[in-house]
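The values are calculated or read from the model by the stated rules, or taken from the named source; none is laboratory data. If you're wondering where the values come from, they're calculated on a predicted model, not measured in any experiment. Cβ coordinates were reconstructed from backbone atoms using ideal geometry, including for glycine residues, and neighbour counts include every protein chain displayed. Ligands, DNA and RNA are stripped out before the accessible areas are found, and what is left, the full protein with its side chains, is counted by its heavy atoms. Shrake-Rupley method; radii C 1.70, N 1.55, O 1.52, S 1.80 Å.
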Amino acid sequence: SQGAMIAIDAQGAIRTMVGGVDYGESVFNRAVQAKRQPGSSFKPFVYAAALEKGVLPTDVRVDEPVKIDKWEPKNYGGRYRGAVTLETALAQSINTVAVKLGQEVGPAAISNLASRFGITTLPPNPNLSVALGAYEVPLIEMTSAYQVFQQAGNRITPFIVSEIATIDGQVIFSHQTASPVPAYDIHFASMMVNMMRPP
């Protein structure tokens, strides 16, 4: 019954913000106030953390049933593909491989990377379900975090007001874009962009 959307340009300006379907029904702005589980859209951050640990997109992992204590994460549709490259696993959103990578790099490393990318809602030591996007994140933070890949590893703070002027044109406020904050190695960012491109 409701929805949300944010579009941010390369300078960090919020060009589109939809906080719900009908302001008359609900004034709650889901684009910036709501926290939702991002699910598979969080997986690129798991792979990004793995690249920092020395993993390569062409490395192979086995897509097979996984059991960690009592947790048995499964793939959508219940099928397994066997040996796959990591770039294939990301493109096909394979849950088992994301979980295996999460184990390899450690949930704390994933949380650390997400924090550098501007995501503020993860604990320092989440459980392994973080690999499948189980922790709640605001849409604006997810969107801005993705921009780190686009911006060659730099984080840009989103903003919504560019300028305020009086009725006669006197500018009383003009947004000054802060310098980008280095958050991720440019080489790894380039790898991630290539991994997320359509085949």
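Among the residues of region 147-193, the one identified as open to solvent by 70 Å² or more (accessible area, probe 1.4 Å), touching a residue at least 24 places away in the same chain (Cβ under 8 Å) and touching an Asp or Glu at 6+ places or on another chain (Cβ under 8 Å) is Asp185. Taken over region 111-146, the criterion of being in a loop (DSSP other than H, G, I, E, B), of a type in the set (A, V, I, L, M) and open to solvent by less than 10 Å² (accessible area, probe 1.4 Å) is satisfied by Ile119 alone. Scanning region 27-48 for residues that are hydroxyl-bearing (Ser, Thr, Tyr) and either assigned to a loop (DSSP other than H, G, I, E, B) or open to solvent by 30 Å² or more (accessible area, probe 1.4 Å) (or both) returns Ser40, Ser41. Against the list (1) crowded, with 19+ Cβ neighbours inside 10 Å; (2) aliphatic (A, V, I, L, M); (3) touching a residue at least 40 places away in the same chain (Cβ under 8 Å), the condition Ala89 fails is (3). With respect to Leu132, is the statement that it is touching a Pro at 6+ places or on another chain (Cβ under 7 Å), at pLDDT 95 or above and over 30 Å from Ala13 (Cβ atoms) true? Against the criterion (touching a Pro at 6+ places or on another chain (Cβ under 7 Å), at pLDDT 95 or above and over 30 Å from Ala13 (Cβ atoms)), Leu132 qualifies. Criterion applied to Leu56, Leu51 was being out of contact with any His (no Cβ under 7 Å at 6 or more places or on another chain) and either in a loop (DSSP other than H, G, I, E, B) or not hydrophobic (A, V, I, L, M, F, W, C) (or both), and the one residue passing it is Leu56. Select from region 92-110 the residues that are over 10 Å from Ala49 (Cβ atoms), buried (at least 22 other Cβ atoms within 10 Å of the Cβ) and under 15 Å from the mean Cα position of the chain (by Cα) and list them in ascending order. Within region 92-110, Ala98 is the sole residue that qualifies. Scan region 59-82 residue by residue and report those that are touching a strand residue (DSSP E or B) at 6+ places or on another chain (Cβ under 9 Å), in a loop (DSSP other than H, G, I, E, B) and of a type in the set (Asp, Glu). Correct list: Asp59, Glu64.
A count restricted to region 93-110 and to residues that are outside any helix (DSSP H, G or I) and under 15 Å from Asp59 (Cα atoms) stands at 1.
Whenever a residue of region 61-85 is free of Cβ contacts under 8 Å to residues at least 12 places away in the same chain and open to solvent by 70 Å² or more (accessible area, probe 1.4 Å), its partners that are assigned to a strand (DSSP E or B) and of a type in the set (D, E, K, R), lying with C-beta atoms within less than 9 angstrom and at least six residues away or across chains, give the pairs Arg79/Asp63.
Say we look at region 3-26 and pick out the residues that are among the aliphatic types (A, V, I, L, M) and touching a Gly at 6+ places or on another chain (Cβ under 8 Å); which of these is surrounded by the most Cβ atoms within 10 Å (Cβ to Cβ)? Within region 3-26, the match that is surrounded by the most Cβ atoms within 10 Å (Cβ to Cβ) is Ala4.
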